[in-house]
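The values are calculated or read from the model by the stated rules, or taken from the named source; none is laboratory data. This one's a predicted model, so the numbers in the text were calculated from it and none came from an experiment. Backbone-built Cβ (ideal geometry, glycine too); neighbour counts: all protein chains shown. Accessible surface is based on the protein model in full, side chains and every heavy atom, while ligands, DNA and RNA are left aside. Shrake-Rupley method; radii C 1.70, N 1.55, O 1.52, S 1.80 Å.
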Amino acid sequence: MKKLLSIALAVTYISSALAVSATIQPEAATGMTTTSTAYGKHQMVVTNNPAASQAAQAILNQGGNAVDAAIAASFVLGLTEPQSSGIGGGGYALTYTAKSKKMFAYDGREVAPKSANPNWFLSESGVPADFMSAMLSPKSVGVPGEIALLYRLHKEQGKLAWAKLLQPAIDLADNGFPMSKRLNNLLIIDNEKGILNDPGIKAVYFNGDKIKPIGATVFNHDYTLTLKQIAQDPNYFYHSKLTDDIIDMINTKAKKQLYTKSDFTNYKVQRYNGICSSYKNKYQICSVPPSTSGGVAVLELLGIYSNNYNGTNINDINWIYNFSQASKLAFADRNQYLADPRFVKQPVIGLLDNSYIKQRSKLVTNHALNTPVSAGVPNGIDKKYAPQTINQEHGTTSLAVVDNMGNAITMTITVEHQFGSHIFTHGFFLNNQLTDFSLSPADKAGRLVANRVEAKKRPRSSIAPVIVFDNKKNVYLLTGAPGGSQIICYVAKNLIQVLDFKMNIADAVASPNLCAANGPLMLEETSALALQKPALEKMGEKVQVVPMPSGVASIIRNESGGWFGTADPRREGIALGD
């Protein structure tokens, strides 16, 4: 079964010139729609919501560039897809500028307040909170980074006036948008749990005591007012009465002072060079480094997989098997070592070193690895932390844009759980990103968890926006996905199917999902892949068949010119090209 290859991934930081996984699902599945695929000779937009894609395309047609279009789409997504992202959340972006041939990774992750400490989610008796209690607690809210992220992108790479980019969302919030099936279904799910009691939420999404039906017009005038202020002053979110209102709301709910204004005024977006690996000497795959673990884990997974399997037949069960084993090994390392690089020394180069990849690859045999798999010992660690045993990240959305100059951006933004903390203010939901920290700071032996809560620290993410370059260093593919910790598998699966199996991106995005986040192999329910469960169990694999609602946004260069774009049929998005 094991086919060792002489070619492995070679890790570089690209220069500016070029445990056990709980089966907590991300946003609830709401069924499949028709895959949206488009061709554009000059430009392409893919988002997870039609209104956002239309806003981005309109900005491009007004002379904006890829970054401008992504910013406009993001503000619309916070309105029409509030369960997934919004200005009360944060995210990561990977950009490429065609003229300078420079690529940058932007970290707009939320930050814990300076009052936070490792016992943040522990009771007085030292028992960690359960996820639902933590999620609904005001302690779950991190300082939102989305507006700071979008404004820094605009300052460094935007073309049109900042205020112009907010206008599509302002108009849509004021004039109303139709309640979508997905938004309606997720509101119903959370309302049945009794966690949508805020009067502000009901004023926007309810008619009396009932959630507005699919197709009904939704107005969000408070969001309009908030965006108008931000359009005039991008720093308004962090230096104004709005800031005071957010802080007062959190502190009042907590019945203690968790936040001060300096937590907001001191927020900074981090910019890094992308982290890249060579894949089979044919492609350079690039993503975002920590504080997200997603990029590193995707590259390690692909490295282990490519060392052990070189097949090109999608119907060969051995690719599924090798993918699952590589996934377990990559997640084991990710769970133990990756966290905010300002607090924990990151062994990124060690994890993606050829010799280390080969060493990890040799652990794969003809019988499935028992989980939890132990982390390896790569170069570059300063101590061996305890693994974080639950991967609890949740709701997110992704988008990708290429403009007529060849500039590109892939961005994933999030409020964490669907509707975040469920704290609603001034027309938007606040995130619950601090639950992405380990809820317990140490294991039973007293070993610290790298991703424990600390003051001014960013919780680890699994977000993994990716740009793939061909051997001529041209942009070939952009992709990204929501899906909590499963993002890592969703992105890796799509890359393998496009790059190795030569599937078109529409088929790759729509194909069944799978993931083994250092736990049982999860296969997407009601899919052809789920039929492989008995055969995989004979290979020693523990298999669960579950909903796996991704939301991949992919764009690929057409060899004869132009771009193909595809939006995941598990969401409501569309691809639009010109």
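Using only helices, what value at 222 nm comes out for the chain when you add -39,500 (n - 2.57) per DSSP H run of length 4 or more and divide by the total residues, to the nearest 500 deg cm²/dmol?
On the way: 18 runs with 186 residues, N = 578.
Taking each H run of at least 4 residues, the total per residue is -9500 deg cm²/dmol.
Remark: region 232-249, residue by residue, has Karplus-estimated 3J(HN,Hα) of 6, 9, x, 8, 3, 4, 10, 9, 9, 5, 4, 4, 4, 5, 4, 4, 4, 5 Hz, where x stands for each Gly or Pro and the curve is 6.51 cos²θ - 1.76 cosθ + 1.60 at θ = phi - 60°.
Out of region 450-540, which trypsin sites (Lys or Arg not before Pro) are coil in DSSP terms and have no more than 15 other C-beta atoms within 10 Å? Answer in residue order: Lys472, Lys473, Lys502. The stretch between Ala163 and Ala528 holds 126.7 nm of extra length on full extension. This uses 0.36 nm per residue minus the Cα-Cα distance. Distance between the modelled labels on Val127 and Val377, one decimal in nanometres: 3.7 nm (7 Å Cα→Cβ projection).
Peptides 359-366, 398-405, 503-510 ordered by packing proxy, namely the average of other Cβ atoms within 10 Å per residue, highest first: 398-405, 503-510, 359-366. A simple spin-label model places pseudo-atoms 7 Å from Cα toward Cβ; at Asn315 and Ser355 they are separated by 4.3 nm. Taking a cut-off of 18 Å between Cα atoms, list the lysines near Lys384, but don't count ones fewer than 8 places away on the same chain. Reachable lysines: Lys345, Lys444.
Looking at region 471-567, the GluC sites (Glu not before Pro) that sit in a DSSP loop and have at most 13 other Cβ atoms within 10 Å of their own Cβ are Glu559. Pair-distance distribution of region 535-574: all C-alpha pairs, bin width 5 Å, starting at 0; shares per bin in whole percent are 5, 18, 14, 12, 12, 12, 12, 10, 5, 1.
Listed here are the pairs Lys473/Lys502; Lys280/Lys542; Lys114/Lys328; which of them are more than 28 Å apart at the Cα? Walk me through the intermediate numbers first.
Working: Lys473/Lys502 19 Å; Lys280/Lys542 30 Å; Lys114/Lys328 34 Å.
Exceeds cut-off: Lys280/Lys542; Lys114/Lys328.
Amide hydrogen proximity for Arg452: with H placed 1.01 Å from N in the peptide plane, the residues at 5 or more positions away or on another chain lying under 5 Å are Ser438. Once both labels are positioned 7 Å from their Cα atoms along Cα-to-Cβ, the gap between Asp507 and Asn175 label points is 4.1 nm.
The lysine pair count for region 159-231, using Cα distances under 19 Å and pairs eight or more places apart or on different chains, is 10.
Let me know the shape class of region 68-223, please: from the alpha-carbon gyration tensor, a ≥ b ≥ c as square roots of the eigenvalues, rounded when a/c is under 1.5, otherwise prolate if a/b is greater than b/c, or oblate. The shape class here is oblate. Taking mean projected area of the Cα convex hull in nm² as the quantity of interest, determine which of (1) 26.8; (2) 23.1; (3) 40.6 was computed from the displayed structure. From the options (1) 26.8; (2) 23.1; (3) 40.6, the structure gives (2).
Rg over Rh of region 57-143, using C-alpha atoms and the Kirkwood radius, what does it come to?
1.14
In sequence order, region 155-168 has phi-based couplings of 4, 8, 9, x, 10, 7, 4, 3, 4, 5, 6, 8, 4, x Hz under the Karplus curve 6.51 cos²θ - 1.76 cosθ + 1.60, θ = phi - 60°, and Gly or Pro positions carry x. Legend: P(r) of region 313-370 from all alpha carbon pair distances, 10 Å bins from 0, whole percents, reading 20, 44, 27, 8, 1. Here's the picture: charge each Lys and Arg Cβ at +1 and each Asp and Glu Cβ at -1 in region 261-332, and of Tyr272, Ile317, Leu299 the one pushed furthest to the positive end of that dipole is Tyr272.
Averaging 1/r over each pair of different alpha-carbon atoms in region 346-450 and inverting the result gives 17.8 Å, the Kirkwood hydrodynamic radius. Evaluated over the Cα positions of region 400-439, the convex hull gives a direction-averaged projected area, one quarter of its surface, of 4.6 nm².
Roughly how many Å is it from the Cα centre of region 512-578 to that of region 420-441, as a whole number? Answer, in whole Å: 27.
Of Ser440, Ser293, the residue with the largest accessible area leads and the full order is Ser440, Ser293 (1.4 Å probe). Hydrodynamic estimate: the Kirkwood radius of region 450-556 over Cα pairs, inserted into Stokes-Einstein at 10 °C and 1.306 mPa s, corresponds to D of 103 µm²/s.
Give me the Kirkwood hydrodynamic radius of region 241-398, using the inverse of the mean 1/r over all pairs of distinct Cα atoms, in Å to one decimal.
Numbers: mean 1/r = 0.0551 Å⁻¹.
For region 241-398, inverting the mean 1/r across all distinct Cα pairs yields 18.1 Å.
Segment Ala254..Ala442, full-extension length gain: 65.2 nm, with 0.36 nm per residue of separation and the alpha-carbon distance subtracted.
Remark: region 72-77, residue by residue, has Karplus-estimated 3J(HN,Hα) of 4, 4, 5, 5, 5, 4 Hz, where x stands for each Gly or Pro and the curve is 6.51 cos²θ - 1.76 cosθ + 1.60 at θ = phi - 60°. Ranked by the mean number of other Cβ atoms within 10 Å of their residues, highest first, the peptides 561-573, 230-242, 167-179, 278-290 come out as 561-573, 278-290, 167-179, 230-242.
Note on Thr312: accessible area is roughly 100 Å² with a 1.4 Å probe, heavy atoms of protein only.
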